[in-house]
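Worksheet: the structure to be examined is printed underneath.
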Amino acid sequence: MPQHVIVIGGGLAGSEAAWQLAERGHQVRLFEMRPVKTTGAHVSHQLAELVCSNSLGSKLPDRAAGILQNEVRMLGSLLMRCAEYAAVPAGGALAVDRARFAEQVTSHINRHPNIEVLREELREVPRSQPAIVATGPLTSPALAEDIGRLAGVDYLYFYDAISPIVRASSIDMKRAFRANRYGRGQNEAGDYINCPMERDEYYQFVRALQTAETIELRDFEREDPNFFEGCIPIEQLAKRGDDTLAFGPMRPVGLTNPHTGRRPYAVVQLRQDDLAGSLYNIVGFQTNIRWPAQKEILRLIPGLGDAEFIRLGQMHRNTFVNAPALLDSTMRFRQREQLYFAGQITGVEGYVGNIATGLLAALNLSRQLKGLRAWVPPAETMLGALCYYVTHTEPKHFQPMKANMGILPPLETRIKDKAARKKAYAARAADSLMASLSEMQDGMIMTQVNLPERVTI
């Protein structure tokens with residue numbers, strides 16, 4: 001019997017890794033502890049459930065997220081195909097119906113003849129079998145302890161927060177309006193619902209956030225919070241200064257309130273969360289305010305005075321390993337030949353980054369098992385730059401990182417125009433990836449991956 005490859009974790013990275021390994025002929029055992037053991041953040045037993053947001057970031061080809069999306073498509077990503085199947089209108093972003101996306105991924109994984117899904121908690125990292133650890137930010141305490149023993153280093157912790165979701169029919173469109181910033185997107189009516197605030201309304205809202213009582217952390221979370229900058233709760237931002245929100249998630253740039261003909265002082269945006277358009281999430285509004293107070297404060301937002309909240313915000317602990325001390329650029333654990341890590345536990349942030357590292361870990365584990373040399377994505381690609389960052393930063397100062405233009409190597413020729421510079425980065429990334437794939441004479445990068453048709457749920 002062929003040796004099984006173990007994948008621990010059925011999130012974005014684990015699901016992608018399992019699929020890529022199975023497509024390359026390996027027998028895969030995918031361990032997912034839900035629903036036997038829950039996390040406190042997930043609400044279903046589906047694989048690849050999106051917890052924080054339903055957006056995979058900008059799909060514009062010259063944006064950091066768009067560049068990374070293009071790269072994983074080129075590498076034959078299953079989950080990117082599923083995301084495109086489940087896409088909902090979101091202007092320049094790739095956002096999905098969460099339930100439909102998870103159903104697509106789960107169905108494809110369950111139907112693959114080379115994948116066995118085991119719904120049980122794996123409490124130890126396999127010592128005698130090739131494995132990928134993709135347990136994400138909510139790794140079970142038992143497995144986290146075992147990884148700690150294996151690594152011999154301390155863990156780092158940071159906190160992540162979840163945005164509220166509102167029923168669309170309860171939004172007062174006499175106060176709110178539809179529009180995309182600068183008119184971007186194909187929908188002339190606008191994909192986003194915008195709740196505009198005048199100056200006095202904005203500062204009243206800020207004061208309420210600054211004085212709100214937050215939810216007490218659970219026993220295992222009672223440490224000094226170390227928030228990841230990309231997911232700071234809205235009340236924490238408000239405490240940084242009265243105008244922080246107006247220049248952050250509530251910035252009004254690119255929008256005109258049709259009810260007044262003027263740009264608002266601040267604006268709260270809501271993004272479609274399901275295909276039916278019945279649910280909208282509040283963009284950038286992760287919060288840990290106690291739920292009764294949270295409802296009162298959110299109803300201060302113009303248009304949400306009578307809002308029906310389907311889900312309120314909450315905060316949970318995220319766990320990641322000190323990747324620069326433990327991993328190389330292929331996602332391999334340096335102290336063990338056939339052990340790889342992938343996804344958010346590596347310190348890579350963002351949904352597409354998680355998918356990409358799952359794909360990369362599976363690709364390289366497969367190559368290793370077949371006696372082929374490892375593949376390191378070129379530094380000029382977003383995937384290569386991201387993996388290099390999380391594995392080569394000074395370990396003492398390591399913090400999670402998501403795809404962004406700042407981690408790419410500078411262009412050989414300086415380009416002053418910002419738009420032209422972004423396009424040059426995107427073109428160089430695509431060319432570098434194609435050239436790298438062409439150089440792999442063994443053909444084991446992407447040619448064996450067969451993307452499936454859409455599954456009817």
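The values are calculated or read from the model by the stated rules, or taken from the named source; none is laboratory data. Keep in mind that what you see is a predicted model, and the values were worked out from it rather than measured. Counting neighbours? That spans all protein chains shown, and the Cβs are built from the backbone with ideal geometry, glycine included. Just so you know, the surface numbers come from the protein's heavy atoms only, side chains and all, with ligands and any DNA or RNA stripped out. Shrake-Rupley method; radii C 1.70, N 1.55, O 1.52, S 1.80 Å.
Below is a table of values for the structure above.
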{"quantity": "Checking ALA238 against (1) out of contact with any Asp or Glu (no Cβ under 8 Å at 6 or more places or on another chain); (2) part of a loop (DSSP other than H, G, I, E, B); (3) not basic (Lys, Arg), the condition it does not meet", "calculated": "(2)"}
{"quantity": "Candidate set from the range 366-384 (those that are of a type in the set (D, E, K, R) and either surrounded by 23 or more Cβ atoms within 10 Å (Cβ to Cβ) or out of contact with any Leu (no Cβ under 8 Å at 6 or more places or on another chain) (or both)); member that is farthest from PRO61 (Cα to Cα)", "calculated": "LYS370"}
{"quantity": "Residue among GLY248, GLY254, GLY305 that is at pLDDT 90 or above and open to solvent by less than 20 Å² (accessible area, probe 1.4 Å)", "calculated": "GLY248"}
{"quantity": "Every residue from the range 276-301 that is more than 14 Å from PHE205 (Cβ to Cβ), open to solvent by less than 70 Å² (accessible area, probe 1.4 Å) and over 22 Å from the mean Cα position of the chain (by Cα)", "calculated": "SER278"}
{"quantity": "Residue identified as out of contact with any strand residue (DSSP E or B) (no Cβ under 7 Å at 6 or more places or on another chain), free of Cβ contacts under 8 Å to residues at least 60 places away in the same chain and small (Gly, Ala, Ser) among ALA379, ALA323", "calculated": "ALA379"}
{"quantity": "Any hit, the range 343-362, residues being surrounded by fewer than 21 Cβ atoms within 10 Å (Cβ to Cβ) and closer than 24 Å to VAL72 by Cα", "calculated": "no"}
{"quantity": "Every residue from the range 230-257 that is among the hydrophobic types (A, V, I, L, M, F, W, C) and in contact (Cβ under 8 Å) with a residue 12 or more places away in the chain", "calculated": "CYS231, ILE232, ILE234, LEU237, ALA238, LEU245, ALA246, MET250, VAL253, LEU255"}
{"quantity": "Residue count for the range 409-423, restricted to those that are exposed (fewer than 12 other Cβ atoms within 10 Å of the Cβ) and either farther than 10 Å from ASP62 by Cβ or modelled with pLDDT under 95 (or both)", "calculated": "8"}
{"quantity": "LEU122 vs. criteria part of a loop (DSSP other than H, G, I, E, B) and either closer than 25 Å to ARG428 by Cβ or at pLDDT below 95 (or both)", "calculated": "yes"}
{"quantity": "Residue among ASN364, ASN354, ASN318 that alone is outside any helix (DSSP H, G or I) and either in contact with a strand residue (DSSP E or B) (Cβ under 9 Å, 6 or more places away or on another chain) or not small (Gly, Ala, Ser) (or both)", "calculated": "ASN318"}
{"quantity": "Every residue from the range 258-275 that is open to solvent by less than 70 Å² (accessible area, probe 1.4 Å) and in a loop (DSSP other than H, G, I, E, B)", "calculated": "THR260, GLY261, PRO264, ASP273, ASP274, LEU275"}
{"quantity": "Residue list for the range 385-408, restricted to those being in a helix (DSSP H, G or I), more than 18 Å from PRO61 (Cα to Cα) and open to solvent by 30 Å² or more (accessible area, probe 1.4 Å)", "calculated": "TYR388, TYR389, HIS392, PRO395, LYS396, HIS397"}
{"quantity": "Some residue of the range 132-153 being open to solvent by less than 20 Å² (accessible area, probe 1.4 Å), over 28 Å from PRO302 (Cβ atoms), modelled with pLDDT of 95 or more and assigned to a helix (DSSP H, G or I)", "calculated": "no"}
{"quantity": "Lone unmet requirement of (1) open to solvent by 30 Å² or more (accessible area, probe 1.4 Å); (2) out of contact with any strand residue (DSSP E or B) (no Cβ under 8 Å at 6 or more places or on another chain) for GLU84", "calculated": "(2)"}
{"quantity": "Residues that are closer than 16 Å to PHE101 by Cα and surrounded by 20 or more Cβ atoms within 10 Å (Cβ to Cβ), drawn from the range 42-68", "calculated": "GLN46, LEU47, ALA48, GLU49, LEU50, SER53, ASN54, SER55, LEU56, GLY57"}
{"quantity": "Those residues of the range 283-308 which are more than 27 Å from GLY136 (Cα to Cα) and not in a loop (DSSP other than H, G, I, E, B), in sequence order", "calculated": "PRO292, ALA293, GLN294, LYS295, GLU296, ILE297, LEU298"}
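Results for (1) assigned to a loop (DSSP other than H, G, I, E, B); (2) under 21 Å from ILE407 (Cβ atoms), shown as yes or no for each residue.
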{"site": "ALA48", "(1), (2)": "yes, no"}
{"site": "CYS52", "(1), (2)": "yes, no"}
{"site": "LEU56", "(1), (2)": "no, yes"}
{"site": "ASP62", "(1), (2)": "yes, yes"}
{"site": "ILE67", "(1), (2)": "no, yes"}
{"site": "GLU71", "(1), (2)": "no, yes"}
{"site": "ARG81", "(1), (2)": "no, no"}
{"site": "GLU84", "(1), (2)": "no, no"}
{"site": "GLY91", "(1), (2)": "yes, no"}
